[in-house]
Amino acid sequence: MTTLTKTEDKPAPTGPEAFLSVRDLRVAFSTEDGVVRAVDGLSFDIERGKTLGIVGESGSGKSVTNLTVLGLHNRKTTDIQGEIILDGQELTTASEKEMEKIRGNKAAMIFQDPLTALSPYYTVGRQLSEPFMKHRGASKKEAKDRAIEMLAKVGIPQPQTRFDDYPHQFSGGMRQRAMIAMSLMCDPELLIADEPTTALDVTVQAQILDLLRDLQQEFGSAIIFITHDLGVIANMADDLLVMYAGRAVERGSVREVLSEPKHPYTWGLLSSMPRLGGDTSEALVPIPGTPPSLLNPPTGCRFHPRCRFRDEVPGDLCSTERPLLADGRAAACHLTGEQKQSIFIDQIKPRLG
Ligand code: SF4
């Protein structure tokens with residue numbers, strides 16, 4: 001049982017059923033300009049068969065968190081504290097060799113850009129087959145059969161022929177599908193999808209999302225879905241974690257967070273998004289300012305320099321004291337429950353419709 005320190009957010013109470021538990025994760029890395037504190041005290045759980053959406057602007061720490069879960073950080077320059085427990089195994093102290101066994105086998109990642117994940121020098125078939133032979137001890141023939149089966153499953157036409165193609169012979173949508181096939185070769189129990197459909201047109205995007213849902217049903221995998229697109233999250237995720245400047249600021253079921261958001265940053269995200277069927281003449285309301293540098297992040301609530309509601313909180317609490325995330329459905333903000341409720345009803349809800 002983890003002892004939570006005073007400055008630590010509390011995780012959603014999924015308890016012993018959690019397949020992945022992240023506790024008070026802190027990730028900092030050295031750069032020429034100084035130490036970047038990319039993730040600062042993050043805790044969350046995810047169960048098998050569930051999808052957790054993580055949203056936030058660039059630099060919110062969502063991608064760093066997930067690269068760290070899979071041990072894809074630079075071990076020489078990155079300092080990691082806290083716990084990452086995957087199916088009972090602590091990963092922050094695992095060796096690179098142990099992480100290699102986990103990656104592509106028990107856990108896999110779908111990257112945003114397949115061209116960076118697929119090597120241009122090897123055929124798609126070879127890139128699918130080799131990890132399967134390595135992780136499962138399969139023969140070349142077994143691995144080829146499995147790769148063709150997976151290429152067919154993700155909707156690649158004529159998979160027997162396409163097995164011998166190089167990535168450049170595939171269209172963008174097909175490369176994305178091939179990468180998904182590659183990540184699913186060993187039936188991973190944890191799948192991390194980092195903006196998997198951003199580079200695709202809307203039709204292909206919808207097909208890929210359908211495919212991920214079908215595959216989750218078939219394999220019962222836990223999925224972490226990272227995106228800045230709340231529309232995609234609404235369709236894909238069970239639970240939602242909103243991140244800002246390396247911290248979780250709001251958490252709950254997707255329905256709760258999107259229908260009754262409680263954090264000023266989530267209000268800002270939703271107000272700056274066009275609504276389907278909304279009035280097109282209605283101006284979107286951007287969040288003022290830009291995300292902070294994590295070399296020298298703001299004190300207290302990291303959102304305070306951009307927050308329209310900080311004057312509602314007495315004294316200088318917002319700029320001096322970190323608001324913590326409580327158990328379960330929660331928002332890390334010093335506004336009281338009544339203040340959040342009345343601001344949401346009077347000012348935010350009319351904008352969201
Ligand atoms: Fe805004 Fe203060 Fe809440 Fe931060 S704690 S979101 S600055 S009101």
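The values are calculated or read from the model by the stated rules, or taken from the named source; none is laboratory data. Fair warning: this is a prediction, and the values are worked out from it, not measured in the lab. Here the Cβ positions follow ideal geometry from the backbone for every residue, glycine too, while neighbour counts run over all protein chains shown. Calculation scope for accessible area: heavy atoms of the full protein, side chains included, ligands and nucleic acids excluded. Shrake-Rupley method; radii C 1.70, N 1.55, O 1.52, S 1.80 Å.
Just checking, how many residues over the range 83-94 are more than 17 Å from GLU47 (Cα to Cα) and open to solvent by 50 Å² or more (accessible area, probe 1.4 Å)?
Qualifying residue count, the range 83-94: 1.
Is one or more of the residues making up the range 308-322 modelled with pLDDT under 95, open to solvent by less than 60 Å² (accessible area, probe 1.4 Å) and either more than 13 Å from the ligand (Cβ to nearest atom) or over 27 Å from ASP33 (Cα atoms) (or both)?
No, the range 308-322 has no match at all.
Mind checking which residues of the range 144-191 are within 20 Å of PHE111 (Cα to Cα) and among the acidic types (Asp, Glu)?
Across the range 144-191, the qualifying residues are ASP187, GLU189.
What number of residues in the range 48-71 are at pLDDT 90 or above and open to solvent by 50 Å² or more (accessible area, probe 1.4 Å)?
3
Take the residues of the range 323-349 that are within 9 Å of the ligand (Cβ to nearest atom) and assigned to a helix (DSSP H, G or I): which is surrounded by the most Cβ atoms within 10 Å (Cβ to Cβ)?
Going through the range 323-349, the residues within 9 Å of the ligand (Cβ to nearest atom) turn out to be 323, 331-335, 339-340.
Okay, now just the ones that are also assigned to a helix (DSSP H, G or I), so 339-340.
Details: GLN339: 14, LYS340: 21.
Checking each candidate, the answer is LYS340.
Would you mind stating whether SER183 is crowded, with 22+ Cβ neighbours inside 10 Å, among the polar types (S, T, N, Q) and closer than 17 Å to GLU47 by Cα? Before you say what the answer is, go through the steps one by one.
Working: crowded, with 22+ Cβ neighbours inside 10 Å: yes; among the polar types (S, T, N, Q): yes; closer than 17 Å to GLU47 by Cα: no.
Answer is no for this residue.
Filter the range 236-258 down to the residues that are open to solvent by less than 20 Å² (accessible area, probe 1.4 Å) and assigned to a helix (DSSP H, G or I), then identify the one that is nearest to LYS340 (Cα to Cα).
Checked the range 236-258; the qualifying residue nearest to LYS340 (Cα to Cα) is VAL257.
Given the options ILE233, ILE180, name the one that is touching a helix residue (DSSP H, G or I) at 6+ places or on another chain (Cβ under 8 Å), part of a helix (DSSP H, G or I), closer than 24 Å to LYS340 by Cα and touching a residue at least 24 places away in the same chain (Cβ under 8 Å).
Details: ILE180 fails: closer than 24 Å to LYS340 by Cα.
One residue alone meets the criteria, ILE233.
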